[in-house]
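Read the figures in this text as sums done on the coordinates, not as results from a lab. Computed from a predicted structure; not experimentally measured. Cβ placement follows ideal geometry from the backbone for every residue including glycine, while neighbour counts extend to all protein chains displayed.
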């Protein structure tokens, strides 16, 4: 009986040691899998707040802007579709949507007016203005190819965007009449598209945009292309 008990105990001890060694091998294999699994620098979902300034180029009879007060603001939600997850460099295609506001603040005492023939032009307000601006509210869809460098955490994005103007208005302010706000299309293009670029790291980047679509429709006496630049948080 004693010999049987010793035999059973010896077998139990050997079995325990055997399965313990197997469990350790499994854990080591799991650790190797975890360490070798590559992770992307880009999150699946991304939100950005754009703060910047506006200007225009290719101008045709447009008034001078107060550049520091011609502000650009956008709220962007996008999803990063990972294309390549490498050891040092990642690639992703970003798509999504954004709401954007373009504010154009004018230096001169002028305001935008539309005439009976359908054209739009800036006219003298006939008084000293404290403020005169044109604001457009847009819905945009971005498409951005992103490159991420893992060692430095720098990211570069180049792409394009297209969108539709949801609204627009002019706003003037002076000591005599107070604030006046007038909504209207003002012969502005309904649809637009442009090029965009971003560069930064972590949660901060600088951006630049060039709108290839002219601000106003063809045949208008005034026109130009918008440029926006600033930071993305």
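Values as computed for the structure displayed
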| read-out | value |
| --- | --- |
| Relative exposure of 81, 192, judged by other C-beta atoms within 10 Å (fewest first) | 81, 192 |
| Full-stretch length increase - residue 51, residue 115 - with 0.36 nm per residue and alpha-carbon distance subtracted | 19.7 nm |
| The stretch 132-192, relative contact order in percent, only Cα pairs under 8 angstrom and at least six apart counted | 35 percent |
| Taking the stretch 41-232 and dividing mean pair separation by its residue count, relative contact order in percent (alpha carbons under 8 Å, at least six apart) | 22 percent |
| Sorted by Cβ density within 10 Å, fewest first, the residues 95, 179 | 179, 95 |
| Spin-label zone in the stretch 140-167 - amide nitrogen under 12 Å from a point set 7 Å from the Cα of residue 231 along the C-beta vector | none |
| Full-extension gain in nm, residue 137 to residue 212, via 0.36 nm per residue minus C-alpha separation | 25.3 nm |
| Sorted by Cβ density within 10 Å, fewest first, the residues 168, 39 | 39, 168 |
| Stretchable slack from residue 154 to residue 69, in nm (0.36 nm times residue separation minus alpha-carbon distance) | 27.6 nm |
